[in-house]
Amino acid sequence: MISGHANDDSKLLLKANRLHVPKGIPMPLDYSYSDIAKMIDHSLLNPSLKWDDLEQGIELALAYDVASVCIVPYALKHCATRLKGSNVRASTTIGFPHGVHTTAIKAAETRQALADGGEELDMVVNISKVLSGDWPYVKNDIGAVVEVTHAAGQKVKVIFENAYLNDDQKIRLCEICAEVRADWVKTSTGYASSGATDADLILMRKHSPPYVQVKAAGGVRDLDALLRVRTLGVTRCGATRTAAMLDEARRRLDLEPIAVQVAATPAAY
C-alpha cells in the first residue's frame, strides 16, 4: 500500500484511467471538432500503399481538416502541392524507420524534404547510439536535422522508439531535444513491438519544457484513446484510423457527417 500524497504522475494516470468509461456512457464534451482534428497527423507511411491510396489519403486529410499528412518521402512534393492553400500541413519522415542512417544522410534527407515542401519532419533518433550511451553523437544527430529545418522556418518531431528504451534513456532524450529546441518529442514509429503508452507520455511531458510538445504514435486507434492521451498533455497523434475517430467526434458533437469516399488505409499506427 502506498502512503502519503499521490505524486503528479499518479494523478495523471488516475485522470487517464477515469476516461475508460463503460460502453454507452458518453465522454465529457470539453472539446470542439477542431480541437480533435488538429491533433491528428494522418499517416500514409505503410510501404504497401499504392499511388491511388496516397491520393485518397490526402483527400481524406483535406476533407477532415486534420493537422498534417505524414506521407512517404517520394510523394511529399505532390502532397505539398495538393495541400497548398489549406490548413493541413505537409510532413514526411527522416531516417525512418530505424534511425541508423548517418547524420549526413539525415541532413540531406531534410534538405530534400524542405525543398519538396515539407513543413513538419518526423525524424528517428539513432537507436543504436542511444542504446550505446553515445549521447554526444545522439545530440549532434538530432541537432543537425533541427538546425537545417529551423533555418527554413519549419518544425521537427523527434521519434524515440520507446519500445527499445528504458526510462533513463527516454529522459535523456527529452533533455537533448530541449537543448537543441526540437518542436515535439514522439513515442514511436508505429513499426516496433509497441507504441505509445500512458506511462511514457506522462514521462515525456514531465521531462520536456513547455516549448517541446508531445506526440503519440502507435496504439491510439479510437476517439476515447485520443481523448485520453489529450488529458496527458499530448498535442499530436499519428493515426491511420482518422476517419473513424473524427466521424465519432462529429457524432458526439451533433455535427453533420463528412462525406468522403476513401479506401481503408493499411495500418501502421
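The values are calculated or read from the model by the stated rules, or taken from the named source; none is laboratory data. What you see is a predicted model; the values in this text were computed from it and never measured. All Cβ positions, even for glycine, are placed from backbone atoms using ideal geometry, and neighbour counts span all protein chains on display.
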Just checking, does the range 216-223 include any residue being in a helix (DSSP H, G or I) and either β-branched (Val, Ile, Thr) or out of contact with any strand residue (DSSP E or B) (no Cβ under 6 Å at 6 or more places or on another chain) (or both)?
yes
Exactly one of ALA182, ALA244, ALA216 is aliphatic (A, V, I, L, M), closer than 30 Å to ASP53 by Cα, surrounded by 21 or more Cβ atoms within 10 Å (Cβ to Cβ) and at pLDDT 95 or above, and that residue is ALA216
Residues in the range 230-244 that are charged (D, E, K, R) and either touching a strand residue (DSSP E or B) at 6+ places or on another chain (Cβ under 9 Å) or within 20 Å of PRO210 (Cα to Cα) (or both) total 2
Considering every residue within the range 123-132, establish whether at least one is part of a helix (DSSP H, G or I), of a type in the set (A, V, I, L, M, F, W, C) and within 26 Å of LEU44 (Cβ to Cβ).
yes
Filtering the range 133-160 down to residues that are of a type in the set (A, V, I, L, M) and either without any contact (Cβ under 8 Å) to a residue 24 or more places away in the chain or part of a helix (DSSP H, G or I) (or both) yields VAL138, ILE142, ALA144, VAL145, VAL146, VAL148, ALA151
Among THR187, THR197, the single one that is under 18 Å from GLY233 (Cα atoms), among the polar types (S, T, N, Q) and in contact with a Phe, Trp or Tyr (Cβ under 9 Å, 6 or more places away or on another chain) is THR187
Across (1) within 16 Å of the chain's Cα centre (by Cα); (2) of a type in the set (D, E, K, R); (3) part of a helix (DSSP H, G or I), GLU109 clears everything bar (1)
Across the range 53-76, the tally of residues that are more than 16 Å from THR240 (Cα to Cα) and either touching a strand residue (DSSP E or B) at 6+ places or on another chain (Cβ under 6 Å) or surrounded by fewer than 17 Cβ atoms within 10 Å (Cβ to Cβ) (or both) stands at 3
Being of a type in the set (Phe, Trp, Tyr) and modelled with pLDDT of 95 or more narrows TYR191, TYR211, TYR269 down to just TYR211
